[in-house]
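The values are calculated or read from the model by the stated rules, or taken from the named source; none is laboratory data. Nothing here was measured: the structure is a model prediction, and the numbers come from that model.
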Amino acid sequence: MSLLVTLLADVLVAVLLMATIVTSLRLSRRIAQLKGDEAALRQTIGDLMVATSNAERAIVGLRGALAEGDRTLAERLGTAERYATDIAAQVQAGEGVIARIGAIVAEFRSAAQIQPRAAFRPEPAPEPAPPVVAAPAIPESPNGERLGAAAAAALAMSERALSRIRSRAA
């Protein structure tokens, strides 16, 4: 019986030894898998650090671009405001010229109605027109210099017409 107990004890030890071997093989595989996962995790962490560094540099670049865009926008807004005031002044000057031309036309109409013409008297020869001085060529520019030149030319023409009307009335 002791041989049987010894044999059973040996079989039990062998079974337990086999179970231990199988368990240790499984644990070995899991440890190898965890080490592989650890290497992948370290690689992922390294990639994440590189991406974070790139993102920080991109943020610095974007802040610089934003500051540059803000400065450019402020300059353009200032320029646009100056152009707007120039245009408003030129429109006001143009309205003044139009008012003067209207006054000249009204004065001319009233002068033409007041002076009676003789039935058989020939009209005097018209005075020779003063030489027309060509306005200097004004280059086109976005700030309305052409409008200012046109207003100045219209003012000069209205003053000449007014002087002609006054000379005829006198």
Original post:
Of S110, S158, which residue is in a helix (DSSP H, G or I) and at pLDDT below 85?
Top reply: S110
Original post:
Has segment 72-92 got any residue that is under 45 Å from the mean Cα position of the chain (by Cα), among the acidic types (D, E), under 26 Å from A149 (Cα atoms) and assigned to a helix (DSSP H, G or I)?
Top reply: yes
